[in-house]
1. Taking region 163-215 as the search range and keeping residues that are within 13 Å of ligand 1 (Cβ to nearest atom) and of a type in the set (A, V, I, L, M), which one is most open to solvent (accessible area, probe 1.4 Å)?
2. Could you check region 91-134 and list, in sequence order, the residues that are in contact with a Gly (Cβ under 9 Å, 6 or more places away or on another chain), small (G, A, S) and assigned to a loop (DSSP other than H, G, I, E, B)?
3. Is it the case, given these coordinates, that A45 is more than 16 Å from ligand 1 (Cβ to nearest atom), in contact with a Pro (Cβ under 8 Å, 6 or more places away or on another chain) and either closer than 29 Å to R206 by Cβ or outside any helix (DSSP H, G or I) (or both)?
4. Among the residues of region 98-143, which ones are open to solvent by 40 Å² or more (accessible area, probe 1.4 Å) and touching a Pro at 6+ places or on another chain (Cβ under 7 Å)?
5. Answer yes if at least one residue in region 314-332 is among the basic types (K, R), away from ligand 2 (no atom under 15 Å from the Cβ), under 20 Å from the mean Cα position of the chain (by Cα) and modelled with pLDDT of 95 or more, and no otherwise.
6. Could you check region 16-39 and list, in sequence order, the residues that are more than 7 Å from ligand 1 (Cβ to nearest atom) and under 24 Å from P292 (Cβ atoms)?
7. Please indicate, with yes or no, whether at least one residue in region 303-312 is within 16 Å of ligand 2 (Cβ to nearest atom), buried (at least 17 other Cβ atoms within 10 Å of the Cβ) and part of a helix (DSSP H, G or I).
Amino acid sequence: MRTQVAIIGSGPSGLLLGQLLTNAGIDNVILERVSKDYVLGRVRAGVLEEGTVGLMDEAGAGKRMHAEGLPHDGFDLAFDGGHHRINLFELTGGKRVMVYGQTELTRDLMGKREQTGGVSIYEAANVRPHDFDGAQPYVTYEKDGTEHRIDCDFIAGCDGFHGVSRKSVQRDAITEFQREYPFGWLGVLADIPPVSHELIYANHPRGFALCSMRSPTRSRYYVQCPLTEKVENWSDDRFWDELRQRLPDDVAERLVTGPSFEKSLAPLRSFVAEPLRFGRLFLVGDAGHIVPPTGAKGLNLAASDVRYLFDALREYYLEKSGAGIDAYSAKALARVWKAERFSTWMTSTLHRFDEQGAFGQRIQEAELNYLVSSQAASTSLAENYVGLPY
Ligand code: RFL
Ligand code: PHB
């Protein structure tokens, strides 16, 4: 088989890139290790920046998102028994975010791909990129016991943090920057009305908590906990008790609880690979970088990478210029590092760290007080939260 762009991974970055390329008449094939249902079974991000919403529209997959997604003009920061609204809309001169689950976004993109006849090969085993340093790269994979080969012009590594693309690069050609956190987020999903119509990020002596949602009838809640915790030791009752304790009294009193249907522990990690291009192989989204979820930036960074790479590929095919391709890595990394900075700062401001000590604790309190009392500080938070320009 031959295609123009071979895409490894059918997560949000692979699907979004594939759809934009298909719409522009650029041939592409998506290779995915697991099944469609498995991809749709993952519960991940929930907050979309306007740039991500715009890309969904450009892909022609934004209809349901606009009908069912929840535009949010602000969120609450809770600490020291009270809560304070960050008015995103006013502080950013009219920008907002959209609450729409990654699962739904993925489902919409898969539907659009099917409708437009895009080729996706699910349950493709042993996917391997080859010869991307030369002019004729190709990808091999196994399906139903037979090995296949796809010749292509470019390979887009959209295969997430544990994917094969980054691992296929020669060790001395790549530099990796990493920070691991000693805690994770225990998250639950439950069909109960959210405690508030906006998100609440809470800093509490018992640890961070987040009240989020997927719809007016589906809530997503998280609590910070040590990585040594086992999900099976967390009954729903234990989770609700812990969450209630970390919220201001007036919020805790309103909390509606019920049976959860998903519960998982996600580790927090910051990671960046440099560069993001190796000859004819590009790293896109989580394959090239990871942020802790506190700033809600993971999926949105995957989308901005796709924006840059799609523009570069379009320029290559339609205008016969390689300038965009040459600029991809530096352009994407400049935005990635700003989101890494913001996510690191949000994480350190809102979580409890065993090693922070009494001095660190006071500094964190001062940071939060400054944040809600200074227009300059709130504006900086807001402009990063809604997403820096592409
Ligand atoms: P994805 O979504 O990981 O998709 C990669 C796809 O590649 C496939 N794959 C392979 N395919 C073929 N061959 C191989 N060898 C392959 N190896 C992997 C995988 O099966 C998968 O389908 O990466 P993408 O598209 O770059 O999208 C990035 C986002 O998914 C990610 O940034 C966010 O979900 C991060 N993230 C969160 N971000 C937020 O903004 N808010 C959150 O609440 C949030 N929660 C999370 C998260 C990421 C998590 N991970 C990675 C474990 C919770 C979790 C648990
Ligand atoms: C979510 O709804 O899953 C969510 C929202 C905001 C975040 C992280 C996760 O910062």
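The values are calculated or read from the model by the stated rules, or taken from the named source; none is laboratory data. All figures in this text were calculated on a predicted structure; none of them were measured in a lab. Neighbour counts run over all protein chains shown; Cβ positions are idealised from the backbone, glycine included. Note: accessible area is taken over every heavy atom of the protein model, side chains too, but ligands, DNA and RNA are not part of it. Shrake-Rupley method; radii C 1.70, N 1.55, O 1.52, S 1.80 Å.
1. V164
2. G101, G118, G134
3. The answer is no for A45.
4. If the condition is that a residue be open to solvent by 40 Å² or more (accessible area, probe 1.4 Å) and touching a Pro at 6+ places or on another chain (Cβ under 7 Å), then H130, D131 are the ones that fit.
5. Quick first cut of region 314-332, residues among the basic types (K, R) only: 314, 320, 331.
Within this subset, residues satisfying the condition of being away from ligand 2 (no atom under 15 Å from the Cβ) are 314, 320, 331.
Still in the list and also under 20 Å from the mean Cα position of the chain (by Cα): 331.
Among the residues that remain, those that are also modelled with pLDDT of 95 or more are: 331.
Checked region 314-332: at least one residue is among the basic types (K, R), away from ligand 2 (no atom under 15 Å from the Cβ), under 20 Å from the mean Cα position of the chain (by Cα) and modelled with pLDDT of 95 or more.
6. L16
7. Initially, region 303-312 is screened for residues within 16 Å of ligand 2 (Cβ to nearest atom), giving 303.
After this cut, where a residue has to be buried (at least 17 other Cβ atoms within 10 Å of the Cβ) as well, the list is 303.
Pick out the ones that are also part of a helix (DSSP H, G or I) and you get 303.
Yes; the residues of region 303-312 include at least one that is within 16 Å of ligand 2 (Cβ to nearest atom), buried (at least 17 other Cβ atoms within 10 Å of the Cβ) and part of a helix (DSSP H, G or I).
A quick yes/no check of all residues on (1) over 23 Å from R269 (Cα atoms); (2) in contact (Cβ under 8 Å) with a residue 40 or more places away in the chain; (3) among the hydrophobic types (A, V, I, L, M, F, W, C); (4) more than 12 Å from ligand 2 (Cβ to nearest atom):
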position: F183; (1), (2), (3), (4): no, yes, yes, yes
position: I200; (1), (2), (3), (4): no, yes, yes, no
position: R206; (1), (2), (3), (4): no, yes, no, yes
position: C211; (1), (2), (3), (4): no, yes, yes, no
position: K230; (1), (2), (3), (4): no, no, no, yes
